[in-house]
1. Tell me whether segment 157-170 contains one or more residues that are in a strand (DSSP E or B), among the basic types (Lys, Arg) and open to solvent by less than 70 Å² (accessible area, probe 1.4 Å).
2. Say we look at segment 91-105 and pick out the residues that are open to solvent by 70 Å² or more (accessible area, probe 1.4 Å) and part of a loop (DSSP other than H, G, I, E, B); which of these is farthest from the ligand (Cβ to nearest atom)?
3. Taking into account only those residues within segment 35-59 that are β-branched (Val, Ile, Thr) and touching a residue at least 40 places away in the same chain (Cβ under 8 Å), which is farthest from Thr168 (Cα to Cα)?
Amino acid sequence: MNLSDVLNDPPRPHEGMVMGLTEAALTFIYENINDRCNTLETGCGLSTVVFALTGSRHTVIAPAPSEFEVTKSYCRDRGIPTDQIDFIAEPSQKVLPALESPPLDLVLIDGGHGFPTPYVDWFYTAGKLKKGGFLIVDDVWLWSCQILRDFLNEQPHWEFVAEHDRRTAIFRKIEDGSEWLEWTEQPLPARGGRIKWIEGQIVMDEPVTVGGMAAFKRGIEDLKRGNFKILADKISRRIFS
Ligand SMILES: C[S@@+](CC[C@H](N)C(=O)[O-])C[C@H]1O[C@@H](n2cnc3c(N)ncnc32)[C@H](O)[C@@H]1O
(Lines give C-alpha, C1' and ligand atoms only; values in the text may rest on other atoms or scores of the structure.)
Protein backbone atom coordinates (compact mmCIF):
# COMPACT_ATOMS: atom_id res chain seq x y z
CA MET A 1 0.00 0.00 0.00
CA ASN A 2 1.18 3.51 -0.74
CA LEU A 3 -0.31 6.98 -0.35
CA SER A 4 -2.20 6.86 -3.67
CA ASP A 5 -3.83 3.57 -2.70
CA VAL A 6 -5.04 5.14 0.56
CA LEU A 7 -6.24 8.31 -1.17
CA ASN A 8 -8.18 6.25 -3.71
CA ASP A 9 -9.81 4.16 -1.00
CA PRO A 10 -9.79 6.30 2.17
CA PRO A 11 -10.92 5.16 5.62
CA ARG A 12 -14.26 6.52 6.83
CA PRO A 13 -14.03 6.71 10.61
CA HIS A 14 -16.18 9.84 11.02
CA GLU A 15 -19.67 8.38 10.83
CA GLY A 16 -18.93 7.01 7.40
CA MET A 17 -17.55 10.31 6.10
CA VAL A 18 -14.08 11.25 4.87
CA MET A 19 -12.98 14.34 6.83
CA GLY A 20 -9.31 13.89 6.14
CA LEU A 21 -6.43 16.29 5.80
CA THR A 22 -5.75 17.85 2.43
CA GLU A 23 -3.89 15.67 -0.04
CA ALA A 24 -0.99 18.15 -0.02
CA ALA A 25 -0.60 17.89 3.77
CA LEU A 26 -0.85 14.10 3.68
CA THR A 27 1.80 14.06 0.95
CA PHE A 28 3.99 16.29 3.12
CA ILE A 29 3.74 13.79 6.00
CA TYR A 30 4.33 10.84 3.68
CA GLU A 31 7.43 12.43 2.13
CA ASN A 32 9.01 13.88 5.27
CA ILE A 33 8.39 11.19 7.88
CA ASN A 34 9.86 7.69 8.09
CA ASP A 35 10.24 4.82 10.53
CA ARG A 36 13.02 6.61 12.46
CA CYS A 37 10.68 9.50 13.35
CA ASN A 38 8.46 10.18 16.38
CA THR A 39 5.15 11.84 15.63
CA LEU A 40 1.95 12.88 17.38
CA GLU A 41 -1.48 13.98 16.24
CA THR A 42 -4.66 15.15 17.89
CA GLY A 43 -7.69 13.85 16.00
CA CYS A 44 -7.80 10.59 14.11
CA GLY A 45 -8.59 9.35 10.61
CA LEU A 46 -6.98 9.45 7.17
CA SER A 47 -3.93 11.18 8.64
CA THR A 48 -3.49 8.33 11.16
CA VAL A 49 -3.39 5.83 8.30
CA VAL A 50 -0.74 7.90 6.54
CA PHE A 51 1.33 8.03 9.75
CA ALA A 52 0.92 4.24 9.91
CA LEU A 53 2.22 3.98 6.33
CA THR A 54 5.35 5.93 7.23
CA GLY A 55 6.11 3.52 10.09
CA SER A 56 6.81 6.37 12.53
CA ARG A 57 6.50 5.78 16.29
CA HIS A 58 3.18 7.59 16.52
CA THR A 59 0.75 8.79 19.18
CA VAL A 60 -2.84 9.55 18.20
CA ILE A 61 -5.18 11.21 20.69
CA ALA A 62 -8.96 11.44 20.17
CA PRO A 63 -11.90 10.77 22.49
CA ALA A 64 -13.34 8.40 19.94
CA PRO A 65 -12.78 4.65 20.42
CA SER A 66 -15.06 3.89 17.46
CA GLU A 67 -12.84 5.98 15.14
CA PHE A 68 -9.85 4.01 16.38
CA GLU A 69 -11.61 0.72 15.65
CA VAL A 70 -12.45 1.78 12.08
CA THR A 71 -8.88 3.02 11.54
CA LYS A 72 -7.30 -0.13 12.96
CA SER A 73 -9.50 -2.49 10.99
CA TYR A 74 -8.90 -0.47 7.80
CA CYS A 75 -5.16 -0.93 8.34
CA ARG A 76 -5.50 -4.58 9.33
CA ASP A 77 -7.48 -5.37 6.18
CA ARG A 78 -4.77 -3.83 4.03
CA GLY A 79 -1.70 -5.15 5.83
CA ILE A 80 -0.62 -1.75 7.21
CA PRO A 81 1.06 -2.25 10.61
CA THR A 82 -0.27 -0.24 13.57
CA ASP A 83 1.76 -1.84 16.42
CA GLN A 84 3.99 1.22 16.50
CA ILE A 85 1.00 3.50 17.20
CA ASP A 86 -0.28 4.44 20.66
CA PHE A 87 -4.03 5.02 20.41
CA ILE A 88 -5.17 7.20 23.34
CA ALA A 89 -8.97 7.46 23.57
CA GLU A 90 -9.26 10.67 25.63
CA PRO A 91 -9.63 14.38 24.90
CA SER A 92 -6.22 15.92 24.20
CA GLN A 93 -6.79 18.59 26.87
CA LYS A 94 -6.83 15.80 29.46
CA VAL A 95 -3.94 13.76 28.10
CA LEU A 96 -1.33 16.19 26.84
CA PRO A 97 -0.38 17.98 30.09
CA ALA A 98 1.00 14.75 31.61
CA LEU A 99 2.03 12.93 28.43
CA GLU A 100 5.60 11.66 28.34
CA SER A 101 6.99 11.46 24.85
CA PRO A 102 10.33 11.37 23.06
CA PRO A 103 11.34 14.48 21.10
CA LEU A 104 8.94 14.72 18.18
CA ASP A 105 9.68 15.19 14.49
CA LEU A 106 6.15 16.21 13.55
CA VAL A 107 2.98 17.27 15.36
CA LEU A 108 -0.41 17.49 13.65
CA ILE A 109 -3.07 19.58 15.41
CA ASP A 110 -6.43 18.46 14.05
CA GLY A 111 -8.42 17.39 17.11
CA GLY A 112 -10.98 19.56 18.91
CA HIS A 113 -11.41 22.88 17.12
CA GLY A 114 -13.30 24.84 19.80
CA PHE A 115 -11.61 27.57 21.81
CA PRO A 116 -9.10 26.93 23.43
CA THR A 117 -8.35 23.35 22.33
CA PRO A 118 -5.96 24.08 19.42
CA TYR A 119 -3.96 26.38 21.73
CA VAL A 120 -3.84 23.73 24.46
CA ASP A 121 -2.66 21.21 21.87
CA TRP A 122 -0.01 23.63 20.67
CA PHE A 123 1.12 24.65 24.16
CA TYR A 124 1.69 21.08 25.32
CA THR A 125 3.33 19.85 22.14
CA ALA A 126 5.48 22.85 21.13
CA GLY A 127 8.10 21.98 23.76
CA LYS A 128 8.12 18.30 22.74
CA LEU A 129 8.81 19.14 19.10
CA LYS A 130 12.48 19.01 18.06
CA LYS A 131 14.12 22.09 16.61
CA GLY A 132 13.70 21.55 12.88
CA GLY A 133 10.55 19.50 13.50
CA PHE A 134 7.27 20.26 11.72
CA LEU A 135 3.97 21.52 13.08
CA ILE A 136 0.84 21.14 10.97
CA VAL A 137 -2.28 23.09 11.95
CA ASP A 138 -5.38 22.03 10.06
CA ASP A 139 -8.59 24.00 9.52
CA VAL A 140 -7.06 27.47 9.74
CA TRP A 141 -10.30 28.66 8.11
CA LEU A 142 -11.80 28.33 11.63
CA TRP A 143 -11.19 31.32 13.89
CA SER A 144 -9.43 29.41 16.67
CA CYS A 145 -6.95 27.74 14.31
CA GLN A 146 -6.56 30.93 12.26
CA ILE A 147 -5.36 32.86 15.33
CA LEU A 148 -2.81 30.15 16.05
CA ARG A 149 -1.63 30.26 12.43
CA ASP A 150 -1.38 34.08 12.50
CA PHE A 151 0.54 33.99 15.78
CA LEU A 152 3.05 31.42 14.49
CA ASN A 153 3.47 33.32 11.23
CA GLU A 154 4.86 36.29 13.12
CA GLN A 155 6.81 34.45 15.79
CA PRO A 156 10.50 34.16 14.90
CA HIS A 157 10.69 30.79 16.68
CA TRP A 158 8.65 29.30 13.83
CA GLU A 159 9.27 29.30 10.09
CA PHE A 160 6.34 29.22 7.71
CA VAL A 161 6.70 26.31 5.30
CA ALA A 162 3.43 26.22 3.35
CA GLU A 163 -0.32 26.67 3.44
CA HIS A 164 -2.53 24.38 1.42
CA ASP A 165 -6.03 25.13 0.15
CA ARG A 166 -6.25 28.06 2.63
CA ARG A 167 -6.88 25.33 5.16
CA THR A 168 -3.71 23.58 6.34
CA ALA A 169 -0.67 25.51 7.56
CA ILE A 170 2.76 23.93 8.00
CA PHE A 171 5.56 25.41 10.12
CA ARG A 172 9.08 24.37 11.06
CA LYS A 173 10.21 24.96 14.62
CA ILE A 174 13.37 27.07 14.73
CA GLU A 175 13.74 27.81 18.44
CA ASP A 176 12.38 26.53 21.74
CA GLY A 177 10.31 28.54 24.16
CA SER A 178 7.78 30.64 22.22
CA GLU A 179 4.90 29.21 24.27
CA TRP A 180 6.39 30.58 27.51
CA LEU A 181 6.99 34.17 26.42
CA GLU A 182 5.18 37.22 27.76
CA TRP A 183 3.01 39.14 25.30
CA THR A 184 5.67 41.85 24.97
CA GLU A 185 7.95 39.29 23.31
CA GLN A 186 5.30 37.96 20.96
CA PRO A 187 4.90 40.16 17.87
CA LEU A 188 1.21 39.51 17.22
CA PRO A 189 -0.10 40.03 20.80
CA ALA A 190 2.28 42.99 21.21
CA ARG A 191 0.82 44.70 18.16
CA GLY A 192 -2.73 43.41 17.96
CA GLY A 193 -4.53 44.79 21.03
CA ARG A 194 -5.73 48.28 22.01
CA ILE A 195 -2.69 48.44 24.23
CA LYS A 196 0.49 47.82 22.26
CA TRP A 197 4.13 47.22 23.07
CA ILE A 198 6.25 49.29 20.72
CA GLU A 199 10.01 49.69 21.15
CA GLY A 200 9.91 48.80 24.85
CA GLN A 201 6.97 51.07 25.71
CA ILE A 202 3.26 50.64 26.28
CA VAL A 203 1.30 52.62 23.70
CA MET A 204 -2.47 53.11 24.03
CA ASP A 205 -4.60 52.77 20.94
CA GLU A 206 -4.85 56.48 20.03
CA PRO A 207 -8.14 56.76 18.11
CA VAL A 208 -10.22 54.84 20.62
CA THR A 209 -8.64 56.29 23.75
CA VAL A 210 -8.47 59.90 22.61
CA GLY A 211 -11.88 59.77 20.94
CA GLY A 212 -13.41 58.13 24.00
CA MET A 213 -11.81 60.64 26.35
CA ALA A 214 -12.97 63.61 24.25
CA ALA A 215 -16.56 62.30 24.26
CA PHE A 216 -16.35 61.80 28.02
CA LYS A 217 -15.16 65.42 28.53
CA ARG A 218 -18.01 66.77 26.36
CA GLY A 219 -20.45 64.71 28.45
CA ILE A 220 -19.10 66.31 31.65
CA GLU A 221 -19.59 69.77 30.08
CA ASP A 222 -23.23 68.87 29.20
CA LEU A 223 -23.75 67.76 32.80
CA LYS A 224 -22.28 70.98 34.22
CA ARG A 225 -24.53 73.05 31.95
CA GLY A 226 -27.61 71.04 32.82
CA ASN A 227 -28.02 69.79 29.21
CA PHE A 228 -29.54 66.54 30.42
CA LYS A 229 -31.69 65.91 27.33
CA ILE A 230 -28.70 66.45 24.97
CA LEU A 231 -26.57 64.16 27.12
CA ALA A 232 -29.28 61.46 27.26
CA ASP A 233 -29.62 61.61 23.44
CA LYS A 234 -25.87 61.29 22.98
CA ILE A 235 -25.64 58.33 25.34
CA SER A 236 -28.57 56.51 23.73
CA ARG A 237 -27.05 57.13 20.26
CA ARG A 238 -23.76 55.59 21.42
CA ILE A 239 -25.48 52.62 23.03
CA PHE A 240 -28.27 51.84 20.57
CA SER A 241 -27.03 53.03 17.17
C1 LIG B 1 -11.43 16.72 11.47
S2 LIG B 1 -11.33 15.24 12.37
C3 LIG B 1 -9.67 14.76 12.14
C4 LIG B 1 -9.38 14.33 10.76
C5 LIG B 1 -8.09 13.54 10.62
N6 LIG B 1 -6.91 14.34 10.84
C7 LIG B 1 -8.06 12.94 9.23
O8 LIG B 1 -7.13 13.20 8.46
O9 LIG B 1 -9.02 12.21 8.91
C10 LIG B 1 -11.38 15.83 14.04
C11 LIG B 1 -10.97 14.79 15.06
O12 LIG B 1 -10.84 15.41 16.31
C13 LIG B 1 -11.23 14.49 17.29
N14 LIG B 1 -11.48 15.29 18.51
C15 LIG B 1 -12.58 15.98 18.88
N16 LIG B 1 -12.40 16.56 20.08
C17 LIG B 1 -11.14 16.22 20.47
C18 LIG B 1 -10.36 16.48 21.63
N19 LIG B 1 -10.83 17.21 22.62
N20 LIG B 1 -9.12 15.95 21.70
C21 LIG B 1 -8.63 15.20 20.69
N22 LIG B 1 -9.32 14.92 19.57
C23 LIG B 1 -10.56 15.41 19.47
C24 LIG B 1 -12.42 13.80 16.69
O25 LIG B 1 -12.67 12.56 17.34
C26 LIG B 1 -11.90 13.64 15.25
O27 LIG B 1 -11.13 12.47 15.15
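The values are calculated or read from the model by the stated rules, or taken from the named source; none is laboratory data. None of these values were measured; they are calculated from a predicted model. Neighbour counts run over all protein chains shown; Cβ positions are idealised from the backbone, glycine included. Quick note on the areas: whole protein, heavy atoms, side chains included, nothing else; ligands and nucleic acids left out. Shrake-Rupley method; radii C 1.70, N 1.55, O 1.52, S 1.80 Å.
1. No; the residues of segment 157-170 include none that is in a strand (DSSP E or B), among the basic types (Lys, Arg) and open to solvent by less than 70 Å² (accessible area, probe 1.4 Å).
2. Among them, the one singled out is Pro103.
3. Looking at the filtered set, the residue picked out is Thr59.
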